[in-house]
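Below: one structure, written as structure tokens.
The values are calculated or read from the model by the stated rules, or taken from the named source; none is laboratory data. Being a predicted model, the structure only gives us computed values, none of them experimental. Don't worry about glycine lacking a Cβ; one is built from the backbone with ideal geometry, like all the others, and counts go over all protein chains shown. What goes into the accessible areas is simple: the full protein's heavy atoms, side chains included, and nothing from ligands, DNA or RNA. Shrake-Rupley method; radii C 1.70, N 1.55, O 1.52, S 1.80 Å.
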Amino acid sequence: MEATIALRLPRDAASVPVIRQTLDGTLRSLGVMPTIRDDIELMLSEACANVIKHATPSDDYTVSAGVYNDRCVIRVIDTGAGFDPHQVREPAPGSEHGRGLQIMRALADDIRFTHRRERGTIVSLEKRLRFVEAPSPTERP
């Protein structure tokens, strides 16, 4: 099974729930387990929030997501000045902010940052999918 979606979104906090709900609905209809969908929703939220908060002001950003058999691949693309993830300092213990990269790294099976000098950053996130098993014919009502 392959499915892809791509949205160009306004660089506004209100855009985050739109892409989250769109992707979650797609994954739910494909039978992806709720715990995996929750991980993907949080990774996606953090990546989009980072664009909204940190990217150089621009009108929009792009999110594309694809399901390829047992993997979900998400790309969040901004058109700001870009950043080097190796230059980002770890948040202080107990800090309530600055944990987005840590959260994405903890939940993704693979994460890549493509720094495009003066043309923004591409955050690529991959998550292996697990699917809800359909009940056997004897378990159906």
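Where the second residue is open to solvent by less than 40 Å² (accessible area, probe 1.4 Å) and among the acidic types (Asp, Glu) and the first is under 20 Å from Glu41 (Cα atoms) and without any contact (Cβ under 8 Å) to a residue 40 or more places away in the chain and lies in the range 107-133, which pairs have Cβ atoms under 6 Å and are six or more apart or on separate chains?
Listed pairs, sorted by first residue: Asp109/Glu126; Asp110/Glu126.
Going through the range 44-100 one residue at a time, which ones are assigned to a loop (DSSP other than H, G, I, E, B), within 18 Å of the chain's Cα centre (by Cα), over 20 Å from Arg112 (Cβ atoms) and modelled with pLDDT of 70 or more?
Matches in the range 44-100: none.
Out of everything in the range 29-44 that is exposed (fewer than 14 other Cβ atoms within 10 Å of the Cβ) and of a type outside the set (Asp, Glu), what residue ends up being farthest from Gly80 (Cα to Cα)?
The initial filter retains those residues of the range 29-44 that are exposed (fewer than 14 other Cβ atoms within 10 Å of the Cβ), namely 29, 31, 34-35, 38.
So of that shortlist, the ones also of a type outside the set (Asp, Glu) come out as 29, 31, 34-35.
Working: Ser29: 34, Gly31: 36, Pro34: 33, Thr35: 32 Å.
Restricting to residues being exposed (fewer than 14 other Cβ atoms within 10 Å of the Cβ) and of a type outside the set (Asp, Glu), the top hit is Gly31.
Pairs please, first residue from the range 14-33 and on the phi > 0 side of the Ramachandran plot, second anywhere and in a loop (DSSP other than H, G, I, E, B) and surrounded by fewer than 19 Cβ atoms within 10 Å (Cβ to Cβ), Cβ atoms under 7 Å, 6+ apart in sequence or on different chains.
Gly31/Val132
State whether one or more residues within the range 45-59 are of a type in the set (D, E, K, R) and loosely packed, with under 13 Cβ neighbours inside 10 Å. Lay out the reasoning, then the answer.
Our first condition is that a residue be of a type in the set (D, E, K, R); within the range 45-59, this holds for 46, 53, 59.
The next check asks that each one be loosely packed, with under 13 Cβ neighbours inside 10 Å; those that pass are 53, 59.
There is at least one residue in the range 45-59 that is of a type in the set (D, E, K, R) and loosely packed, with under 13 Cβ neighbours inside 10 Å.
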